[in-house]
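Please read the structure below before turning to the comments.
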Amino acid sequence: MAQANPSHPTACLALADGTLFYGHGFGATGQCVAELCFNTAMTGYQEIMTDPSYAGQIVTFTFPHIGNTGINAEDDETAEPVAEGMVVKWDPTSPSSWRSTETLSSWLASRKRIAIGGVDTRRLTRAIRQQGAPHVALEHNESGNFDTDALVKAARDFAGLEGMDLAKQVTCSQSYRWDEMRWAWPEGYQTQTEPKHKVVAIDYGAKRNILRCLASTGCEVVVLPADATAQDILAHNPDGVFLSNGPGDPAATGVYAVPMIKEILETTDLPVFGICLGHQMLALALGGKTIKMNHGHHGANHPVKDLETGKVEITSMNHGFAVDAQSLPSGVRQTHVSLFDGSNCGIALDGRPVYSVQHHPEASPGPQDSFYLFEKFADYMSKS
């Protein structure tokens, strides 16, 4: 059953324009500042909160049933929650799932993440869509005494994500190997024992399920930090190079990532595959540009059209920046577009096994329509 609500609000969400939302706090107490986005996924709140691409953001969940399946360690996309906090319509109920080992509230509290329930998330989502992703301050205080002027000032003082290199904050500190494959019933996670290809994955904030998908398509995966050089990569003698998802402004991360990618492309014929921030890094390395979106794409129901086959895929997305398709140079073709707004969702380099997509073919959460992109990467490595 739901936790008993106090007679007064115990959490306050303050937008930089002065708008205030009151509700019931859960998780950790304290205050945080971040960019506010919304996510339309009906499942996967744990995967979303532990997705490193959400660094610097508070997530508004448009689906009301958040927390009802609890928490389990198998669904973490990284070791700890990365999103700064969460906003939900209904207070979490007691979990009802055979996989649950902990409640959402206790999990957030132990990991110092703040949440607010009882918010009109429809009104908040409309505000985000109309005005863009706002800067906000969120406070959970059991006394219910809020200095709202200070909260609004904190939101206004937040620097925002433009110009921020967050990849270095969420990347691994040293290299490691990955051999765990995708979850399957009834075995769970199995180990890849007969890899056919060796892949170096650059960790700009990699989700675990991306690494599992690589392993499931026959890859031995070596993960390197975001600032790895071309020499670091080639020292492993890989069959292919993977560029992972991640948070922040791609132009800021590109300061050190783009020269590495350019060197790989200029000195080798290795297959290269990028997802999300990795897609944006590849586009920058090939001469394209990126732009900040109004409110971004965050959800598990985004239709994307493959321009080369005409097929429409339902995809998982999480990005606040996009590749400017008009900036792509000759020899770089657009392969996928969003059917929501026409924004770029994929590119490929003519005549080379080099390609990337903005959406998340690994899902977690979301549909698996785009898993073929991992199989395509494996096929390229088989032929190279």
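Computed values, structure above
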item	result
Rounded to the nearest 20 debye, dipole of region 220-337 from Cβ charges on Lys, Arg, Asp, Glu	480 debye
Relative contact order (%) - region 238-359, alpha-carbon pairs under 8 angstrom, separation at least six	26 percent
Signed unit charges on C-beta, dipole axis of the chain, positive-most listed residue PRO52, LEU161, GLY240	LEU161
Karplus 3J(HN,Hα) series, Hz, for region 88-101 with 6.51 cos²θ - 1.76 cosθ + 1.60 (x for Gly, Pro)	9, 7, 10, 4, x, 8, 4, x, 10, 7, 5, 8, 5, 10
Neighbour-limited loop hits for trypsin sites (Lys or Arg not before Pro), region 251-310 (at most 15 other Cβ within 10 Å; DSSP other than H, G, I, E, B)	none
Computed lengthening from TYR176 to VAL255, 0.36 nm per intervening residue step minus Cα-Cα distance	26.0 nm
Spin-label pair GLN190/ILE291, simplified geometry with 7 Å Cα→Cβ offset, distance in nm	4.6 nm
Alpha carbon Rg of the chain, scaled by the compact-globule rule 2.2 N^0.38 Å	0.98
Electrostatic dipole magnitude of the chain [Cβ: Lys, Arg +1; Asp, Glu -1; Cα centre; debye, to 20]	560 debye
CD proxy at 222 nm, helix term only [per DSSP H run n ≥ 4: -39500 (n - 2.57); per residue of the chain; nearest 500]	-6500 deg cm²/dmol
Förster radius 41 Å - calculated FRET efficiency between SER100 and LEU234 (Cβ-Cβ, nearest 0.05)	0.40
Amide H contacts of TYR189 (H built 1.01 Å from N, under 5 Å, at least 5 apart or other chain)	ALA184
Exposure proxy ranking, count of Cβ atoms within 10 Å, fewest first, for LEU282, LEU328, LEU151	LEU328, LEU151, LEU282
Mean-position separation - Cα centroids, region 38-71 and region 201-230, in angstrom	23 Å
Among PRO195, THR101, ALA133 - extreme Cα towards positive end, dipole of the chain, charges at beta-carbon	ALA133
Coil-residue GluC sites (Glu not before Pro) of region 169-255, DSSP, other Cβ within 10 Å capped at 11	GLU187
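Read-outs throughout are calculated quantities, based only on the coordinates presented, and are distinct from any laboratory measurement. As the structure is a computational prediction, the values presented were derived from the model and not from experiment. Don't worry about glycine lacking a Cβ; one is built from the backbone with ideal geometry, like all the others, and counts go over all protein chains shown.
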